[in-house]
Every structure is written in structure tokens, then in C-alpha cells.
2 protein chains.
Amino acid sequence: MSVHVSSPLTVAFQGARGAFSEQACRQLLGEDGVELKPLERFVDVFEAVASGEADRAVIPVENTLAGSVHENYDHLLNFRLPILAETRVRIVHNLIGRPEAGFERITRAISHPVALGQCLTFFKQNRGIRAESHYDTGGSVKTIMEGQDPTVAAIASSAAAELYGAKILRPAIEDNHENFTRFVLLAREAPASPPDGPGQLKASIAFVTKNEAGALFKCVAAFALRDITLTKIESRPLRGRPWEYMFYLDFLGDLREARCKNAMNHLGEMTELLAVLGCYRSAEQPETV
Amino acid sequence: MSVHVSSPLTVAFQGARGAFSEQACRQLLGEDGVELKPLERFVDVFEAVASGEADRAVIPVENTLAGSVHENYDHLLNFRLPILAETRVRIVHNLIGRPEAGFERITRAISHPVALGQCLTFFKQNRGIRAESHYDTGGSVKTIMEGQDPTVAAIASSAAAELYGAKILRPAIEDNHENFTRFVLLAREAPASPPDGPGQLKASIAFVTKNEAGALFKCVAAFALRDITLTKIESRPLRGRPWEYMFYLDFLGDLREARCKNAMNHLGEMTELLAVLGCYRSAEQPETV
């Protein structure tokens, strides 16, 4: 998807320049007419769009290895910023050094804790390199380039290495190469209709069922009885309410269509809370549905 | 639940002595007749039980903030070690120093990347303290006590502080206090029948649906039509098979009962893979079901 506007679109994301969120931003909005606004925490990113400081936000919602980013689902519900689009980014972690650095002399590697936790085999095989936490993957490359020490490396994307003029010392050091993160694009308000483009329309919702036997079955029925395909379902225990659950659900369909409207009305009869997080184009082409 | 045996029961867990897994182990098996076997990686823990080096394993499967531990679900399916019991541990992270340490002099804090990632507010408010990754929470306390440097602190449980004779400098520094991890107890073979005790019987299963519309609805129906209550459901995309999903599902019931057997047979008709991960006593009392 590419958005064309006359004045630059300010896009907030968590992390520093060169973060995987920036790559997601490029995939979602292209290179032109985009002004990047890197921020330290996810809540800062949501606040930037809510307050009008930024026009769009790009945030991760799930990773194939680490699962759903519950914090961002909480923010989606609290801020109610609608999802406009989604994209998937392959996460490749590289050991990155200063231009004059050599792999044999590296004694410390800095990066975001999640990235360090996805490179445990590398650290096991290279006991001379100590892992150290940094607030961001992209920011760790910036930090080593601002410093003077060729024995300190960063772990980040190849885009971050290129952006800051650093050198890749060891490519793809992540434990598992099937590592993808799904990012979504947010705005303050949803467009009147989802943009045209390839990909089927898809909706993301969250709901809390009434605490009764068979509650989930009845909710899933609202979609199945109308031949609507689900692409994600996840239960999450509600804090302080044992045996009650929040559900995250994605389904293929257009919320303006009668069958989707009916399914949502039907679901509303059976839920205590029901929130539409967005209706947008799917980033994947289903093989069969 | 407490298990009584004549020879000590060797229990493997990931991390060093004082890890949250050790606390889970105490909750599950008590103090007596238990020999702890701390190991570095989750896969080592599964291998220890599979090879007979250990009698039991205690592993985390989900956290209220970080979600499901997908790696351990993969190991559960690959090793097929049955779940015997479950427990929940409240995760409290403390800043822990050497006995002679003072908070004002701390410049570095070491811990597991996940623990560091759950104390971001603390690090934001204490810019003079650098976060550094360590392979384990409990092990980080051991490391500072083996060293000589009173400016290095660890982040771990109060049990770890006590075990190694270290001092808590700041208690409960985690960002979110509603932080609980669910642990399960594994053995090489399931007992002939689940042990007596409080708590309803519960089963954990994993399955892959056939790739067709309404597949999940039909699977959930196998339980709902028999009034069986679900306590967890989660979809996980299958690697390399777009639009196909693995589901993790927990339900209340005894697998020896006719209605559960029938539900499982019914589910078997509609799934490509169906695995029982265990049938055990629930750690929680439902308010209503």
C-alpha cells in the first residue's frame, strides 16, 4: 500500500532509526512523503497519534516465535486508534560492528532484550562475547557508531547497519530463521472505506464473553454460520477475573457487508465488551479459505 | 500437590538455583525428597527427562504479559512428555545487590532478557544503571555474589536473594504487578490415572485443523455439544503453510470419562494432527463454568 499526500505524513514507531518497525513503515507507506518519528516506548507512539503530534503509527502485534504483543493489544483497546493496514517483516538479526572492527576482537554485543533472547545459540557458541541490553535494535547500531570502541558490536537489521554506515560481522545469527513479525498501521480515525488494493479485506476485533459454558462456541458460531473465515483467535485471561477471558479474533470480510454486520450484531448479543480494532487489507493471499 | 517417593526425585528446570522455575518446583513437589537439576536451555530440560537423567521437569508455558512460550509448546509436541500438574507463580522482580552494596552506587544490573524487558520503567527512572543480559534471573544473583563488585546488581526473585545471601536493594521493580507465569510438571510417562487432590481435572491438547472454512467452529463444537468448558484457546500460524494453524486448547474434564473420549474422537475426525499434552488437576478453582 502506498499513500500519496502533499504534506509529509509523520509516522511514529517504537525504537530508533533502523528498527524493524522502520522497515515495516517502508513496506506500508513507501519512501516518499514520510517523516519518521522514532519514540522510546509503545505508549509514546500511541500518545503521539492520539494527540495529533503524528499522523500514523506503526506497531508490532505478533511474532511467530514470541507470540502476541499483549501490551500493544491493551493500547489498541485503550486508545482506540483504528488499524488501516498490516504487513509482515522477516526478522533477521546480524552482528554489526564499527567499520574498523573485526569479529575476533568483539567482547560485548548490545541490543534489545528480545533480540538478545533470539540469539542464544550464537552467545552459547561465542562465550567471549557478553550480551548487554539496549532499548532498541536500531539504536544499538547508532550507539556503537557514536562511540569509539571497536570491541563493542550491535545486533540489528542490515538496514540499520547501512543507515549508520556500520559493518555486518556475522549475518543472520538468530536461533530460528522462521522469525516474522506482523506490524499494523494506525491513524486517529478510520477512513470512510478501506483502501483499494490487493489482498482480501480483513477485520480485527476484541471481545469479552459472558462467563458461561459454551460462550466461545456461540461467539465462533456467529462467524461460522455465515461462512466467515477466522484467521486468528487467542484467549487471554482477564486480570483479577478468574475464568473470564478477552479474545482477539481476526476474520476475512468487509465490515460494510451485510453478513459481517449481522455477525457483529449477533456477537454483540453474547459479549460484555466488543471492540472493532480495524478493517483493512490482508497482507497475505490465502491459498484456500 | 505433593509426591512422596523413597529415593529422591530428580527435577530438571531451566535456569540456575533461585529461578522462578525453582519456586514453581517447590509449589508442585514441596521441599522433601527433591533433587534439583538446573540446566541452561529449555531443550536440555526436555532431553534430561527423555533420557532418564531426570525424573521430572518443570517448565513455563505462558505468562500473563508475554503470552505463550511457543518454544516449550514445540518441545511438548516433539518430546511428548506428558503434563502431570500445573501451578501459577507471581513474578516479582527485585533489584538485588551484594551484602555491602548500596543502591546509589549501582551502575549495572544483570538479568535474563525477559526480566530486563519487564523493568523498563525502572531503567527509565534510573538512567545511571545499565541493563545487561544474563542467561538466568537466579543465576544473575549467583554471578554478583561470586564476583567482588558492589556496583553490579542482579534482578531476580526474593528467593534467589535469600539463597545466595544477597540483599534486596529495591523490591518489586517490575513494570506491571499483574505478572504471573503458569508452569507445568512433566514426566517421561503419564500415570495410569491423574492424582487425587483439589482442583478440577483439566486436559491440554494441540491440534491442526484441516484447511477448510468453518474448521475451528467444528472443532470447538466437539466440546460445546458435550457441555465441556474451554479454559484456553490459541491459534498459531504453521510455518511454511500459509493459512493453516496449530491450535492449543485446554478444557475442564477427565479424559477417562465417556464425554471427553467422545469429544476427542469427534475432534480426531476433523483434524490432521491431534496430540494430548496431558490430563491433570487445575491449579485454579473456577467461579462458574
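Filtering region A:69-84 to residues that are under 11 Å from the mean Cα position of the chain (by Cα) and aliphatic (A, V, I, L, M) leaves only A:V69. I'd like to know if region B:189-210 contains one or more residues that are free of Cβ contacts under 8 Å to residues at least 40 places away in the same chain, of a type in the set (S, T, N, Q), under 30 Å from A:R88 (Cβ atoms) and not assigned by TED's automatic domain parsing to the domain that holds B:T137. Looking for residues that are free of Cβ contacts under 8 Å to residues at least 40 places away in the same chain, of a type in the set (S, T, N, Q), under 30 Å from A:R88 (Cβ atoms) and not assigned by TED's automatic domain parsing to the domain that holds B:T137, one finds none in region B:189-210, hence no.
A:Y164: under 26 Å from B:F123 (Cα atoms) and either within 18 Å of the chain's Cα centre (by Cα) or in the same structural domain as A:G253 (by TED's automatic domain parsing) (or both), yes or no?
On the way: under 26 Å from B:F123 (Cα atoms): yes; either within 18 Å of the chain's Cα centre (by Cα) or in the same structural domain as A:G253 (by TED's automatic domain parsing) (or both): no.
In short, no.
Residues of region B:119-131 that are out of contact with any Phe, Trp or Tyr (no Cβ under 7 Å at 6 or more places or on another chain) and either at the interface with chain A (Cβ under 9 Å from one of its Cβ atoms) or part of a helix (DSSP H, G or I) (or both): B:L120, B:T121, B:F122, B:F123, B:K124, B:Q125, B:R130. Scanning region A:208-230 for residues that are in a strand (DSSP E or B), more than 7 Å from chain B (Cβ to nearest Cβ) and under 25 Å from A:A283 (Cβ atoms) yields no hits at all. The set of residues from region A:47-62 being crowded, with 18+ Cβ neighbours inside 10 Å, part of a helix (DSSP H, G or I) and without any contact (Cβ under 8 Å) to a residue 60 or more places away in the chain comprises just one member, A:A48.
The requirement of being within 14 Å of another protein chain (Cβ to nearest Cβ), among the charged types (D, E, K, R), in a strand (DSSP E or B) and on the phi < 0 side of the Ramachandran plot is fulfilled nowhere in region A:63-73; no residue meets it.
Among the candidates B:P191, B:P242, B:P195, which residue alone is surrounded by fewer than 20 Cβ atoms within 10 Å (Cβ to Cβ), under 30 Å from A:C219 (Cα atoms) and modelled with pLDDT under 90?
Details: B:P191 fails: under 30 Å from A:C219 (Cα atoms); B:P195 fails: under 30 Å from A:C219 (Cα atoms).
Of the residues listed, the single one that is surrounded by fewer than 20 Cβ atoms within 10 Å (Cβ to Cβ), under 30 Å from A:C219 (Cα atoms) and modelled with pLDDT under 90 is B:P242.
Which of the following residues is more than 13 Å from chain B (Cβ to nearest Cβ), touching a His at 6+ places or on another chain (Cβ under 6 Å) and either buried (at least 18 other Cβ atoms within 10 Å of the Cβ) or not in a loop (DSSP other than H, G, I, E, B) (or both): A:I155, A:I168, A:I173, A:I144?
On the way: A:I155 fails: more than 13 Å from chain B (Cβ to nearest Cβ); A:I168 fails: touching a His at 6+ places or on another chain (Cβ under 6 Å); A:I144 fails: touching a His at 6+ places or on another chain (Cβ under 6 Å).
Sole residue among the options that is more than 13 Å from chain B (Cβ to nearest Cβ), touching a His at 6+ places or on another chain (Cβ under 6 Å) and either buried (at least 18 other Cβ atoms within 10 Å of the Cβ) or not in a loop (DSSP other than H, G, I, E, B) (or both): A:I173.
Of the listed requirements (1) under 30 Å from A:E53 (Cα atoms); (2) more than 14 Å from every other protein chain (Cβ to nearest Cβ); (3) modelled with pLDDT of 95 or more, A:S204 misses just one: (2).
The values are calculated or read from the model by the stated rules, or taken from the named source; none is laboratory data. Only a predicted model underlies this, so the values are computations on that prediction, with no experimental measurement involved. Virtual Cβ from ideal backbone geometry, glycine too; neighbours counted across all protein chains shown.
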